[in-house]
Amino acid sequence: MKLFSSVNDVTDIQKLVSEAISLKKKPFVNEQLGKHKTLGLIFLNPSLRTRLSTQKAALNLGMQVMVMNLDKEGWALETQDGIIMNGTTVEHIREAAGVMGEYCDIIGFRSFPGLVNRDEDYSEDIFNKFVKYCGVPVVSLESATRHPLQSLADLITIEELKKTEKPKVVLTWAPHVKPLPQAVANSFAEWMNKADYDFVITHPEGYDLAPEFVGQAMVTTNQDEALAGADFVYVKNWSSYNDYGKILTDGEGWMMTNEKLKLTNNAGVMHCLPVRRGLELSHEILDGPNSLVLNQANNRVWAAQAVLKNILESLS
Ligand code: CP
């Protein structure tokens, strides 16, 4: 593997999940594999889980890790081609990425969408330029449209805890006060479709995800109907894709509660975190036995370790 930016970069997702679960049992079995190899973790946006879990995964593989919050610690980055840089930007992504590629064997890169220009965001212009100009294998730490390490961790969590071969998995929109990217929801949908579960997406009117991510999922604006008999409920806010980047409703009545949980098959409740308590997800669920949020966060390590292991094995 030379690139991990979406589920489409994985040839066998069940094999990758199995590898991650094996690494969870024996974290240091490949500690020689990454010896004298350097991972760079480059962030244009904040992070807790992605930063720490990917760093831990690399250390388990014997790698050295460098972390840079490029948006705060680097020179102001120019990403447009062909312009005269006589404004506020100081360094072009062509040189910045190229330089980082000189120092690192593998690079993880996080770049959120602007949520202003949909075509620009969905072209993954910044992420793709970084991949092109750094010249080394790249792992997405969340791009404008996808968060594949999170989705792999989510799939591992479901595979570990499912009680039937084909569980019912529901992705439900949740309220939020800020317009958030569609990346986590897009990516989760993409991976659930590949996993071939009984997959349902529910959201208020106007919050349809892009068709290429919805895939074969059943979609409904009736949350109660969606939750009926669910084995897993994935809670996430996203801003509108069609009315791009906008908040269309305060989402009253959409927060998951213990009352709604009664509609499900005693579902495990998932969220990628960070979560706004009492707004996106109720305190009672987060503090109760059905919450899987810490299982997911734990599995971020093994997801990252399985991906880095595959990339290290592909280095000459
Ligand atoms: N879930 C997730 O990616 O968390 P961070 O944004 O804190 O890395």
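If only residues of segment 43-75 that are assigned to a strand (DSSP E or B) and open to solvent by 10 Å² or more (accessible area, probe 1.4 Å) are counted, the one that is farthest from the ligand (Cβ to nearest atom) is 64.
Restricting attention to segment 189-213, the residues that are in contact (Cβ under 8 Å) with a residue 60 or more places away in the chain and either closer than 22 Å to residue 278 by Cα or open to solvent by 40 Å² or more (accessible area, probe 1.4 Å) (or both) total 1. Is it the case that residue 126 is touching a residue at least 24 places away in the same chain (Cβ under 8 Å) and crowded, with 24+ Cβ neighbours inside 10 Å? Judged against the criteria, residue 126 is not a match. So, residue 118, is that one of a type outside the set (A, V, I, L, M) and either closer than 23 Å to residue 309 by Cα or at pLDDT below 95 (or both) or not? For residue 118, the condition - of a type outside the set (A, V, I, L, M) and either closer than 23 Å to residue 309 by Cα or at pLDDT below 95 (or both) - is not met.
Please determine whether any residue of segment 147-156 is open to solvent by 20 Å² or more (accessible area, probe 1.4 Å) and not hydroxyl-bearing (Ser, Thr, Tyr). The answer is no, given that none of the residues of segment 147-156 is open to solvent by 20 Å² or more (accessible area, probe 1.4 Å) and not hydroxyl-bearing (Ser, Thr, Tyr). In segment 164-188, of all residues being away from the ligand (no atom under 16 Å from the Cβ) and either open to solvent by less than 20 Å² (accessible area, probe 1.4 Å) or touching a helix residue (DSSP H, G or I) at 6+ places or on another chain (Cβ under 7 Å) (or both), the one that is farthest from residue 260 (Cα to Cα) corresponds to 167. Scanning segment 81-98 for residues that are surrounded by 12 or more Cβ atoms within 10 Å (Cβ to Cβ) and either within 12 Å of residue 66 (Cβ to Cβ) or acidic (Asp, Glu) (or both) yields 91, 95.
Taking segment 100-194 as the region of interest, the helices (runs of 4 or more DSSP H) fully inside it that hold 1 or more residues being among the polar types (S, T, N, Q) and within 25 Å of residue 79 (Cβ to Cβ) are 125-134, 148-161.
Of note, residue 113 does not satisfy the criterion of being closer than 21 Å to residue 55 by Cβ and in contact with an Asp or Glu (Cβ under 9 Å, 6 or more places away or on another chain). The helices (runs of 4 or more DSSP H) found entirely in segment 227-316 that carry 3 or more residues being within 16 Å of the ligand (Cβ to nearest atom), open to solvent by 50 Å² or more (accessible area, probe 1.4 Å) and under 30 Å from residue 11 (Cα atoms) are 293-314. Among the residues of segment 101-157, which ones are under 14 Å from the mean Cα position of the chain (by Cα) and either more than 16 Å from the ligand (Cβ to nearest atom) or small (Gly, Ala, Ser) (or both)? Correct list: 108, 111, 140, 143, 144, 151, 153.
Tallying residues that are under 20 Å from residue 68 (Cβ atoms) and exposed (fewer than 14 other Cβ atoms within 10 Å of the Cβ) within segment 99-123 yields 3.
When segment 214-226 is filtered for residues that are part of a loop (DSSP other than H, G, I, E, B) and open to solvent by 20 Å² or more (accessible area, probe 1.4 Å), the ones remaining, listed by number, are 215, 216, 221, 222.
In the set (1) outside any loop (DSSP other than H, G, I, E, B); (2) crowded, with 17+ Cβ neighbours inside 10 Å, the condition left unmet by residue 21 is number (2).
The values are calculated or read from the model by the stated rules, or taken from the named source; none is laboratory data. Given the structure is predicted, the values throughout are model-derived calculations rather than measurements. We place every Cβ from the backbone using ideal geometry, glycine too, and count neighbours over all the protein chains shown. Only protein heavy atoms, including side chains, enter the accessible area calculation; ligands, DNA and RNA are left aside. Shrake-Rupley method; radii C 1.70, N 1.55, O 1.52, S 1.80 Å.
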